[in-house]
Amino acid sequence: MRYRVLVSDPLAEEGLDILREFCDVDVNTGLTEDQLAGTIGDYDALLVRSGTQVTARVIDAGTRLKFIGRAGAGVDNIDIEAATRRGIIVANAPEGNTLAATEHTMAMMLSLARNIPQASASLKRGEWKRSKFMGIELNDKVLGIVGLGRIGTEVARRARAMEMKCIAYDPFISKERAANLGVELVALDDLFRRSDIITVHTPLIKETRHVVNAKTIATMRDGVRLINCARGGIIDEEALADAIRSGKVAGAAVDVFESEPPTDSPLLGLDQVICTPHLGASTVEAQKNVATSVANQCISVLSGGPAKYVVNAPMIPVEQQALMEPYA
């Protein structure tokens, strides 16, 4: 029996090739919720990136669904609770884009410190205003890292190589592990108070939504710089825009927005903000990695085997937890 798999966001050919060896694969991108709900009942698995919104309605319509795969790390576009209720395994590919997201964060940090995009745009307009784009050195600056997971860890390693002082907040990381990275683990309010530059690397969940807001920004150093290459919604965009206008925040670099594409974000009109259109995972290597990872997990689950990166493992029925046992 050949299973049917729907791919509703662009996926690298390397991943599609793996799927096609074992399954009938349909690639149909840009579907609305109505369209996806109307067709998902014919499929055993659904593979997405960040564009497709896998709502409870879509999941409930997927009467044959056994697996939902996210080619990437964040799963805030998938209703995990609805999938769990249906006994559907949800898995992601958290390691595939780690280096891409890390390097994008570092590029944003350097661009923010030296005003590179703004200076480039000025020069192309025929201007020569060197003093306008006076920057700062990263050496000896305090970098506050919110979330010391895979990406946060790699950012810390690179920042340490640039002789920055790294502090971090992560309730799931031990002080010993942080110390081994050369990072001081601190309370979140302490991080906000002490950092020259703050970068966030957490998933978007109830506890992290607007963790950077008007109240927390008020506790930060004057002239602080903020970076978000994680998820839109972690930083309150209105509060950040107000703080930039007032001069409290010197600048920000954002790759993600609360609503994408961000047609009405208050950050878009500010010269002190560097914006990119969710490019953190946009490298050839990362897209190949996440596509092959999620494709292999899909084939494994449909064949009765385990998925390596299960998101809802603790909540699924006992009989299905056996599928993840080798990775527990």
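Every number in this text was worked out from the coordinates using simple rules, so none of it is lab data. No experiment lies behind these values; they were computed from the predicted model shown. With ideal geometry, Cβ positions are generated from the backbone for all residues, glycine too; neighbour counts draw on all protein chains shown.
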Exercise. Give the distance, in whole Å, between the Cα centre of the stretch 195-231 and the Cα centre of the stretch 59-75.
Key: 30 Å
Quiz item: Which residue, 79, 42, 264, tops the fluctuation ranking in a GNM of the chain built on C-alpha contacts under 10 Å?
Solution: 264
Quiz item: Using a basic spin-label model with each label point 7 Å from the Cα along Cα→Cβ, how many nm lie between residue 210 and residue 128?
Solution: 4.9 nm
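Only bridges whose two residues both fall in the chain count here: according to DSSP, what percent of them are antiparallel, nearest 5?
For the chain, the DSSP antiparallel bridge percentage is about 0.
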Quiz prompt | Fewest-first sequence of 158, 130 by Cβ atoms within 10 Å of each Cβ | solution = 130, 158
Quiz item: Taking H as built 1.01 Å from N, whose amide H comes closer than 5 Å to the amide H of residue 92, not counting residues under 5 places away?
Solution: 70, 309, 311
Quiz prompt | Between helix 150-161 and the chain: long-axis angle, C-alpha atoms, 0 to 90°, nearest 10 | solution = 30 degrees
Quiz item: Rounded to the nearest 500 deg cm²/dmol, what is the calculated helix-only ellipticity per residue at 222 nm for the chain, with -39500 (n - 2.57) per DSSP H run of length n ≥ 4?
Solution: -10000 deg cm²/dmol
Practice problem: For residue 224, enumerate residues with amide H under 5 Å from its amide H, sequence gap 5+ or separate chain, H modeled in the peptide plane. | Solution: 250
Exercise. May I have the pair-distance distribution P(r) for the stretch 112-210, computed from all Cα-Cα distances with 5 Å bins from 0 and rounded to whole percent?
Key: 2, 13, 21, 19, 14, 11, 9, 7, 4, 1, 0
Exercise. Could you check which residue among 258, 137, 127 shows the biggest mean-square fluctuation in a GNM of the chain with a 10 Å Cα cutoff?
Key: 127
Quiz item: Along the stretch 222-233, what does the Karplus equation 6.51 cos²θ - 1.76 cosθ + 1.60 (θ = phi - 60°) give for ³J(HN,Hα), rounded to whole Hz, x for Gly and Pro?
Solution: 5, x, 5, 10, 10, 10, 10, 10, 9, 9, x, x
Exercise. Note the angle between two axes, namely the Cα long axis of helix 98-114 and the longest principal axis of the Cα atoms of the chain, as a number of degrees from 0 to 90, rounded to the nearest 10.
Key: 20 degrees
Quiz item: Mind checking which of 132, 288, 248 has the largest fluctuation in a GNM of the chain, springs on alpha carbons under 10 Å?
Solution: 132
Quiz prompt | Listed values (i) 61, 54, 35; (ii) 121, 52, 40; (iii) 68, 49, 33, entry calculated as Cα extents along the principal axes in Å | solution = (iii)
Self-check item: On Cα atoms only, tilt of 284-302 relative to the major axis of the chain in degrees
Solution: 30 degrees
Quiz item: Of 63, 39, how do they rank once you tally other Cβ atoms within 10 Å and put the fewest first?
Solution: 63, 39
